[in-house]
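Chemist: I have a structure here, written as structure tokens, and I will follow up with some questions on it.
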Amino acid sequence: MTTSSRRRSRSRARSRTVPKPAGPPRDITVAFRAPTPPEPADAPIERTQPAEAEVQAEVESEAEVQLEVEVEAEAQAEVRPEAEAQAEIEVEVEVLAGVEVVVEGEVVVEGEVEPQPETGRARLLRRLRSPGSLLVTGTTALVLSVHAWNITGFPAASDDEGTYLAQAWAVQQGLGLGHYTYWYDHPPLAWIQLAALSWLPALLSDGLTVPTARVSMLVVTAAILLLTYLLGRRIGLPRWAAAVAVLTYGLSPLAVTTQRQIYLDSFAVAWLLGALVLALSPRRHLWHHVAAGAAAAVAALCKETMIVALPAVVLALWQGTARNGVRAFSFAGFGSGVLLVGGFYPLFAMLNGELLPGPGHVSLIGAWQFQLHSRTGSGSVFTAGSPANTVVGSWLYYDAVLLAGGVLAAAVALAVRRLRVPAVAVALLAVVALRPGGYLPTMYVIQALPFLALCLAGVLALAVRHALSGPPGEQVPGWRRTVLWGLAALAVAVVGVRWSGGTHRAFTARDNAPYEAAAAWLREKLPDRAGTRVVVDDVLWLDLVRDGFPRDNVLWFYKVDLDAKVAAGLPRGWRDVDYVVSTPAMRGDRAPLPTVDALLEHTDVVATFGAGGDRIEIRRVPDSPADRR
């Protein structure tokens with residue numbers, strides 16, 4: 001089929017029926033130029049006769065055109081039936097719609113030009129300029145500015161942050177999944193993503209590695225904020241309520257403190273929110289549900305504890321699919337996404353011969369056994385002085401409003417169908433946190449914060465809707481709106497006062513100054529870097545390696561006693577070390593570390609930075625290998 005034939009075929013689908021003229025066809029000429037202006041009214045009319053040559057030329061031209069038309073008609077008649085040929089004539093007439101046509105000296109407009117379809121760029125611009133897009137963009141920008149302010153100064157860098165960042169560095173350098181032997185303590189997907197984002201802080205600053213790398217977490221926080229708003233809209237919240245959820249979550253001092261830090265939980269919660277948004281997609285495409293399963297698996301491969309909240313994704317998929325045969329296909333696609341993505345982790349362990357426990361190697365099942373049974377628990381939340389009680393107390397110190405209000409709102413939201421998804425997520429995470437004897441880390445609360453905010457905003461939207469509703473046909477009294485605005489202003493004032501303390505500290509504190517001073521001292525006072533062996537926590541590990549210390553001579557204190565390869569390099573134990581940097585993380589670790597304890601007992605302090613429990617001491621080993629050299 002020729003190009004002109006395809007064009008006529010496409011035009012046929014859009015054509016209108018044009019009645020066939022009763023008389024013989026008239027001479028139709030398409031005018032692509034502007035019409036000649038009329039003669040002035042007072043100009044004399046001159047009647048002239050065409051020259052004989054011009055008349056003859058017009059006759060010959062009309063004969064040639066008529067001959068071409070007849071030849072084309074005969075060719076078309078050979079390949080198409082007469083009815084299709086008539087349809088082509090109708091299409092040709094329709095194509096002239098909206099174009100000036102000269103018919104026997106008169107200008108006629110045969111219709112209007114068909115409107116052009118909206119382009120992808122125009123559609124994107126229209127959506128970006130919509131009220132919802134402008135609202136979520138503004139709230140996200142506000143929250144990110146709060147998180148970014150003094151991000152390197154507060155809070156104090158933790159050993160976990162340094163560990164995840166060092167593992168991301170190992171991935172970048174092609175050294176494997178960790179800077180030491182990877183023993184399947186956590187799935188590696190979160191710090192693989194962190195490795196992909198680590199170029200960003202390198203462009204902005206060259207300060208202490210861990211606090212500077214926190215800039216990467218702003219990207220993750222932005223994704224969480226946008227997905228929180230979108231999930232709020234998917235569960236039926238009005239725009240203002242979804243924005244309240246974003247602000248309540250993002251401006252909470254608890255979120256400002258924990259979301260700044262480099263934790264795997266932030267990556268995991270972003271992927272879980274993505275899975276929920278896909279499961280509740282109003283289009284109900286099958287690929288959305290397959291992608292929801294894949295995103296849920298990625299969330300679990302970022303932090304294994306996120307498996308606890310996966311039933312909320314299943315509930316969202318149940319609510320988001322119709323009660324017919326499509327639901328079965330949706331769940332099959334969701335399960336396929338979970339298995340195909342989640343199966344890579346045990347497959348990786350199996351191919352490395354590290355799936356099952358055995359002598360002389362680490363294993364995935366062995367790590368699970370340690371996490372679930374062998375690891376020292378945090379005690380009961382309700383036992384005063386227990387580690388779990390201390391952790392929950394620190395959460396409530398930063399923000400009791402979101403925690404207590406969100407839990408109460410989740411209890412109410414369980415009875416509301418459209419709010420049940422975030423409420424179920426809160427309930428599941430709360431049950432795990434409250435179980436007696438389990439391990440409760442400080443960063444665990446990150447997983448619950450967006451869902452607490454959504455439950456709180458959802459119940460608030462229900463209350464406002466009930467307050468503004470009335471009998472059909474009756475206008476809502478103006479005093480109700482006045483009272484609601486007054487209560488909203490009072491709530492903002494009360495919450496703002498409670499949040500002001502934690503937020504002010506986040507803006508002004510310089511908790512990492514001792515670490516910065518210790519790193520500078522080690523860089524300047526130890527010129528023999530190749531021959532000096534230092535035991536540090538993981539906050540300083542990457543800084544010393546980047547400053548030129550050999551990687552094998554910078555020892556993470558946790559591995560001195562627990563890694564057989566590291567212990568083999570210290571035949572004389574603590575006496576084979578030159579310096580140890582005593583930090584709060586090292587002194588506060590509850591694991592049995594006899595070599596580290598001996599180092600802290602038998603070394604002399606040569607420099608101290610900070611005071612009290614947050615101080616950092618640089619201690620020198622007497623008669624160390626450096627002295628003998």
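The values are calculated or read from the model by the stated rules, or taken from the named source; none is laboratory data. Quick caveat: nothing in here was measured; it's all calculated off a predicted structure. Backbone-built Cβ (ideal geometry, glycine too); neighbour counts: all protein chains shown.
Chemist: Of the numbered conditions (1) within 23 Å of residue 263 (Cα to Cα); (2) buried (at least 20 other Cβ atoms within 10 Å of the Cβ), residue 516 satisfies every one except a single condition; which is it?
Modeler: Going through (1) within 23 Å of residue 263 (Cα to Cα); (2) buried (at least 20 other Cβ atoms within 10 Å of the Cβ) one by one, residue 516 breaks only (2).
Chemist: Something else about it: Name the strands (runs of 3 or more DSSP E) wholly within the stretch 515-629 that hold at least 2 residues that are closer than 30 Å to residue 361 by Cβ?
Modeler: 534-536, 554-556
Chemist: Hey, any hits in the stretch 437-458 for a residue that's surrounded by fewer than 14 Cβ atoms within 10 Å (Cβ to Cβ), in a loop (DSSP other than H, G, I, E, B) and modelled with pLDDT under 90? Spell out how you get there, then give the answer.
Modeler: Initially, the stretch 437-458 is screened for residues surrounded by fewer than 14 Cβ atoms within 10 Å (Cβ to Cβ), giving 437.
Checking the rest, the ones that are also in a loop (DSSP other than H, G, I, E, B) come to 437.
Still in the running and modelled with pLDDT under 90: 437.
The answer is yes, given that some residue of the stretch 437-458 is surrounded by fewer than 14 Cβ atoms within 10 Å (Cβ to Cβ), in a loop (DSSP other than H, G, I, E, B) and modelled with pLDDT under 90.
Chemist: What about residue 274, is it closer than 21 Å to residue 192 by Cβ and either modelled with pLDDT under 95 or not in a loop (DSSP other than H, G, I, E, B) (or both)?
Modeler: yes
Chemist: Would you check which residues across the stretch 300-314 are of a type in the set (A, V, I, L, M) and closer than 13 Å to residue 342 by Cβ and list them?
Modeler: Within the stretch 300-314, 300, 301, 306, 307, 310, 313 meet the criteria.
Chemist: Can you run down the residue pairs with Cβ atoms below 9 Å, 6 or more apart or on separate chains, where the first is in the stretch 285-314 and within 19 Å of residue 433 (Cβ to Cβ) and free of Cβ contacts under 8 Å to residues at least 40 places away in the same chain and the partner is of a type in the set (A, V, I, L, M, F, W, C) and not in a helix (DSSP H, G or I)?
Modeler: none
Here is a yes/no grid of residues against (1) of a type in the set (Val, Ile, Thr); (2) surrounded by 21 or more Cβ atoms within 10 Å (Cβ to Cβ); (3) at pLDDT 95 or above:
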residue	(1), (2), (3)
209	yes, yes, no
225	no, yes, yes
228	yes, yes, yes
232	no, yes, yes
256	yes, yes, yes
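Chemist: Say we look at the stretch 499-510 and pick out the residues that are modelled with pLDDT under 90 and loosely packed, with under 14 Cβ neighbours inside 10 Å; which of these is farthest from residue 400 (Cα to Cα)?
Modeler: Going through the qualifying residues, I end up with 504.
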